[in-house]
Amino acid sequence: MPVSELKKSDASVPDNGRVVRHRLIDRIYHWVMAAAVFALMGTAFMPIFGIKFEWLTIHWVAGVVLAFCVLIHIVRAVIWQDRMSMVIDRTDFANGAKIVKRSFGQKVPSPIKAGKYNGLQKLYHLGVAFFMLAIIGTGLAMLSKIDTPFWKRNPYWLGDSDWGTIYTIHGFGAMFMVSMVMIHVYFALRPDEWHLTRSMFRGWMSGKEYKAHHDPARWPASDSK
């Protein structure tokens, strides 16, 4: 399959062309973060179900890796990527309203095609970001209660009530993330979403997939960075 150099001024994208959706650094970030999240979930919940092993070191190391990945992602998103591509806009709200009206049998115009991400993906990202930052923030605070090669534990850094609040936030966030991971995996495995799943492995989607699912006015083919 030839690789076409696609520019904003292109009138059309060849069906056999390639539209970059995720750069290599973003795919590496995604899969390292996914591994860290699965390691965290495994070490957090397997002991609850009676599977005993030395989980603490794996858990805090995976947590530090996750925090580092999120920091890289934030820096990259703020400096190099198009931040607005993940912001819910008026078109997303209008599309959502059309979908709801159609579900009740009303005849309305078809929703406008998505930009790089559709409204539900943006909403999902917002929810994950909120709870992920809560988990990371409380998790980093909890590192003060364990001995590591880099510091000695200080369990008296906060009072009992403060630690109770931190544990509650951390636990609730963890339960939320389990649900979000299940949702993410479910949609990634749906046949109608395979073009997105493939792009997270190979980095690009075909011109045919791009034209079928995306509005060039909202996401020009050359705008993926």
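The values are calculated or read from the model by the stated rules, or taken from the named source; none is laboratory data. Predicted model, so just to flag it, every value in this text is computed and none were measured. Glycine also receives a Cβ, built like all others from the backbone with ideal geometry; neighbour counts cover every protein chain displayed. Quick note on the areas: whole protein, heavy atoms, side chains included, nothing else; ligands and nucleic acids left out. Shrake-Rupley method; radii C 1.70, N 1.55, O 1.52, S 1.80 Å.
The GNM of the chain, with springs linking C-alpha atoms under 10 angstrom apart, assigns the highest mean-square fluctuation among A67, A35, A94 to A94.
Compactness of the stretch 18-141 was expressed as the Cα radius of gyration divided by 2.2 N^0.38 Å, which yields 1.37. Residues in the chain average 64 Å² of solvent-accessible surface per residue, probe 1.4 Å, ligands and nucleic acids excluded. Taking the chain as a Gaussian network of alpha-carbon nodes connected by springs under 10 Å, the highest mean-square fluctuation of the residues G42, G159, G119 belongs to G159.
The GNM of the chain, with springs linking C-alpha atoms under 10 angstrom apart, assigns the highest mean-square fluctuation among R23, R102, R83 to R102.
Of the accessible area of the stretch 167-208, computed with a 1.4 Å probe over protein heavy atoms only, carbon and sulfur atoms account for 78 percent. With K and R counted +1 and D and E -1, the other residues having a Cβ less than 14 Å from that of L123 yield a net charge of -1. In a DSSP loop and with at most 16 other Cβ atoms within 10 Å, the chymotrypsin sites (Phe, Trp or Tyr not before Pro) in the stretch 118-225 are F150, Y156, W157. Ligands, DNA and RNA excluded, the heavy atoms of T148 present near 20 Å² of accessible surface to a 1.4 Å solvent probe. This model, with +1 at the C-beta of Lys and Arg and -1 at the C-beta of Asp and Glu, gives the chain a dipole about its Cα centre of some 680 debye.
Here the stretch 1-135 has 70 percent of its accessible surface on carbon and sulfur atoms, given a 1.4 Å probe and all protein chains in place.
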